[in-house]
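Each value in this text was obtained by applying a stated rule to the coordinates, not by laboratory testing. It should be emphasised that the depicted structure is a prediction, and the values quoted were computed from it without experimental measurement. Glycine gets a Cβ as well: all are built from the backbone with ideal geometry, and neighbour counts include every protein chain shown.
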Amino acid sequence: MGGVIQSGQLFRALAPELLMSAGALVMLLASVWNPQRNSPGVAEGAEKTSTLVRFGIVLCAITAVVVIIAWGDSVSGTDDLRIAGDGFRWAIDLVVLLGTALSLVLVEADHQRSGAYSPEVPVLMLLAAVGMMVLAAARDMMFVFIGIELMSLAVYVLAGVNRRSGRGAEASVKYFLLGSVSTGFLLYGMALIFGATGSTRLAGIGTWVAANPALGPMFIVGIALLLVGFAFKVAAAPFHLWTPDVYDGAPLPVTAFMAAVVKTAAFASFGRVMLEAFVGAAPRWHSAVWWLAVATMVVGNVLALSQRNLVRMLAYSSIAHTGYLLVAIVVASTAGTTAVVFYTVSYTLATMGAFGVLIIVGAGRDRAVTLDDLAGLWIVRPWMATAMAVYVLAFLGMPLVGGMGFFAKWYILQAALQAPAPQTVLAVVLVLTSVVSAAYYLLVISTMFMRPPVEGHALPWVSPMAQSLIAGTTLALLILGLYPTPVIRMARRALPTIETDRTPAPQPSAGRRLQAATTAR
Amino acid sequence: MRDFLLSLGVAQWVLPAMLLWPVLAAVVVRFGGRDISRNESEAEAPSGGPDARVLTLAALFVEALLSLALWGVYDPAVRGWQASVDWPWLSDIGARFSVGVDGISLPMVVMTALLMPAALLGSWNNVRLRTPAFGAFVLLLTTGLVGVFVSLDLLLFYLAWELMLIPTYFLVGVWGAAEQSRASLRYVLFTLVGSLLMLVAIAALWNLGGGTTFHLDDLRRVTLTPRTQFLMFGAFFLAFGVKSALVPFHTWLPDAQGAAPTLVAVTLGLKVGAYAVLRFAIPLFPAAAAHETIRTVILVLSLIAIVYGALLALAQRDMKRMVSYSSISHLGFIMLGCFALTQQSVQGAVISIVNSGITTSALFLLVGMLEDRRGTTDMAAFGGIARVVPVFAVMLTLVMLSTIGLPGTNGFIGEFLVLIGTYAERPVMAVIATSGVVFAAMYGLRALQRILFDTLDEPANRTLTDLTSRERLVMSGFAVAILYLGFAPQAILQRAARASQDVIEAVRFSPNAAVILPSVSEAP
């Protein structure tokens, strides 16, 4: 009997994921139903890709509506606390769906010119999105694992989807091997933690941690392995080495998908696990994540400086953004999760737009897009160059001209300084590495605006799909940069359910001084 | 007049209008303006609409009129913010669209708003490429400048502060001289280091203030430990020092100004940073500002700036760089006045900011006029041109005398007040600073001699054309301002007196003032 009620509740709690999976499976059937003849230079069944992509975008929109309804009805998770029903899950779902829909638009924009995408591509993207939504909802280590695997397997395939590209194959194999290793770390960590605590549920682990402050070596090793696994997935230094190669080799829409959406989902799960299960053990992992954040910010930004290949530059810049987001994990507070949600919205919009521009400029050639390809873009395509400038300024976090990017950084800073132990040093590292990032972001701008266009360069063709994507993301960034309140309201409501009896994190920093001032007040 | 303006409700809308109008106008100029370079090269068909430069000038002219209306409604007898507007903006963090002026910011706003159209008109043919985008960026920059002067909300202030940065980056990089992108990149990186640290300080201050308000008046009441004050003051002062090019953060300024188009060189020369020191750094962190060691360090840096800047100006061959270094030397006087912390010296600093805005801009415009005629700003390329271009010579002499600080010109009043005020507090420093005036005379008169009075040996100089009627109009405006402020500075002094008093009182009596709290070195 209980099983029946349980499964009914489970279906209700997982309604958006189930809807999305069903839709994706129908699309998969449709793609193999009537195999098309294979003309040279075009992927098999390429005629159907456009239709399926459009269907996928609609499916994302429908799922988003279901998510919003579920949020509005405050659908709770399951009683056994395996599936979350909190705002954090729904907010991350919405960001993931937005990112997936925009990635599909990128696929379509690229496909309209090259015809290089087989109909499986949108299906795989949607399946990866299902995995991400499971990740966002998981309050049980097993669900976390299922979500990560579902997401990763789909993305491994997507990275190598262009079978005629050697770089794509290399990227796919690299990603698969390193990804499997990191999954192994993750799984081993989960196993050890289960061994120590006797529970796979985050809430159960949290209770155990509160009851056993001594923790014990098995638990500590488990946390360490878990951290390594997550650090791989979010591409934090020193576990970032796969990122530039994979980003560079994969087709650009897939790269955008990995850079923005996969990162969002991985961070959502990372944040939830750290906050719900391990917040009581914060003194043990705090300094590890602290150093991870510092190293990631420094490594990402410094290595990006020397890149002339734009995709590699954006790859390193995405590592740097991982570092900024890790700052929000370090503080392990609700202000931190608010910042994560807001940041990922802004980052998703800017990444999708920037990759849209790269797809247009790259013009479907199987070689890397370099800075030189952007030279004089302002003179040839003034509005596209302006949009690209907005995206990189958003990455940089400039107010007004960079739109939302500024508030994204602001909320991270705010979370860092508002924490019980203010992370002033982290905040200072964050802004100083941002200055470093200005050097390469402004290099992109100066190439577009201050260099003459290359003679004999054909005008890049802009598909209407790409045009609307660029216009939409730019306007969204700029408008929300003036008035970010709607997004911040969503992010504010997205507080994950955490136990309140939290011990304050330690402070390895000069933050103590500021805290003294706080208490004085 | 005041009653008439008040009956129009000017006080309620003039400041928001001054901030929003240039942005709207920028859109109009970008979309509706005609690019004159397209007419000249017949390859492309001319786009329609009026000349983008004319549109930009008209928009800036409206902005100047608005600023005059602001001047008109200001009541010198009243203390505190006037024409202030306080609209809700970001309710979740308590940031508000809060603007207002007092006796310190009013002269700056009016000076900036009047300067912009004059500078555009004075460098009319300096920029002829892609004028719609140029005009749009100039208008955005105007919003940023005005925003910095009128913001009372620290987040809004930060937005305006950064809004000055990016348009300037584009203006210097796209329309500047060769190898320009390096100069503009350096400018941005230098400025960002300071301003981002200031952002951290703003966030920390907001957090200590309860996380509900960014308003200057509220944050001044937040009690801070001396150590916190010290760190935050450091972050603010670094941002402002870099922006105003105080020695040793001055190295970007001559490069950027040398590369920039004339109009942008003028805006780079405005002492925005010095204003921000008076408005934010000193009142928010009075104990740090008045702390003996910190104050002495800044005063000594100011003295170094005065003398070193003047000596470097003496050593320059390039006129633009000479003007840059002279403006660095003037900044020394202003900072000296700010941190001597007497009412006279602060008043002197305020009027010096206005004066240096006027004279430095006039010098840049004059140099730019020579550059537009000859294509060079090397002093060696000129000589003896007083006979060829007499009107130009008269104007250059007048402006240069004002730079030197000759009594009867505006330059004298500010420096004199600063020196008197400083003498009351630090007599030795005042004496050293006075030597800066002598050095100013050396570089100023030497430049006059080399440009105007040596032998007329370059044949290209024999055919120089004198100022056109457009240039005469602009320069006579500057001449009137120089002489008017030189003989009758009361208009500004009277308005700045009360506000300067407030700055001094903030240092002496605010909750964070040094008399209440122990000095930084004794902090735990």
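Key figures for this structure:
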quantity	calculated
Criterion violated by residue B:115 - all others in (1) out of contact with any His (no Cβ under 9 Å at 6 or more places or on another chain); (2) within 24 Å of residue B:215 (Cβ to Cβ) satisfied	(2)
So residue B:158, is it in contact with a Pro (Cβ under 9 Å, 6 or more places away or on another chain), within 11 Å of chain A (Cβ to nearest Cβ) and among the hydroxyl-bearing types (Ser, Thr, Tyr)	yes
Selection from region B:229-281 of residues that are in contact with a Lys or Arg (Cβ under 7 Å, 6 or more places away or on another chain) and not aliphatic (A, V, I, L, M)	B:244, B:252, B:254, B:255, B:257, B:258, B:273
Residues satisfying the stated conditions in region B:197-237, i.e. in a helix (DSSP H, G or I) and of a type in the set (Ser, Thr, Tyr)	B:228
Conditions (1) of a type outside the set (S, T, N, Q); (2) within 19 Å of residue A:431 (Cβ to Cβ); (3) surrounded by 22 or more Cβ atoms within 10 Å (Cβ to Cβ); number of the one not met by residue B:238	(3)
Test result for residue A:271, in contact (Cβ under 8 Å) with a residue 12 or more places away in the chain, under 21 Å from residue A:345 (Cα atoms) and not aliphatic (A, V, I, L, M)	yes
Single residue of B:434, B:422, B:409, B:376 found to be under 20 Å from residue B:318 (Cβ atoms) and among the hydroxyl-bearing types (Ser, Thr, Tyr)	B:376
Matching residues, region B:205-230, being surrounded by fewer than 22 Cβ atoms within 10 Å (Cβ to Cβ), of a type in the set (A, V, I, L, M) and facing chain A (nearest Cβ under 8 Å)	B:222
Those residues of region B:248-275 which are surrounded by fewer than 24 Cβ atoms within 10 Å (Cβ to Cβ) and in contact with a Phe, Trp or Tyr (Cβ under 6 Å, 6 or more places away or on another chain), in sequence order	B:252, B:261
Helices (runs of 4 or more DSSP H) contained in region A:178-263 and holding at least 3 residues surrounded by 17 or more Cβ atoms within 10 Å (Cβ to Cβ) and small (Gly, Ala, Ser)	A:202-211, A:217-234
Selection count, region B:61-82, where residues are touching a Leu at 6+ places or on another chain (Cβ under 8 Å) and either over 24 Å from residue B:352 (Cβ atoms) or in a loop (DSSP other than H, G, I, E, B) (or both)	5
Residue within region A:411-428 that is within 11 Å of chain B (Cβ to nearest Cβ), touching a residue at least 60 places away in the same chain (Cβ under 8 Å) and either among the charged types (D, E, K, R) or over 17 Å from residue A:335 (Cα atoms) (or both) present	yes
Residue in region B:350-373 that is farther than 19 Å from residue B:314 by Cα and not in a helix (DSSP H, G or I) present	no
Residue in region B:95-108 that is over 20 Å from residue B:274 (Cβ atoms), over 12 Å from the mean Cα position of the chain (by Cα), aliphatic (A, V, I, L, M) and in a helix (DSSP H, G or I) present	no
Selection within region B:188-204 - over 14 Å from residue B:280 (Cα atoms), under 24 Å from the mean Cα position of the chain (by Cα) and facing chain A (nearest Cβ under 7 Å)	B:188, B:189, B:192, B:193, B:196, B:197
Region A:435-453, subset at the interface with chain B (Cβ under 7 Å from one of its Cβ atoms) and in contact (Cβ under 8 Å) with a residue 60 or more places away in the chain, residue farthest from residue A:389 (Cα to Cα)	A:439
Residue in region B:109-118 that is in contact with a strand residue (DSSP E or B) (Cβ under 8 Å, 6 or more places away or on another chain), hydrophobic (A, V, I, L, M, F, W, C) and either surrounded by 21 or more Cβ atoms within 10 Å (Cβ to Cβ) or not in a loop (DSSP other than H, G, I, E, B) (or both) present	yes
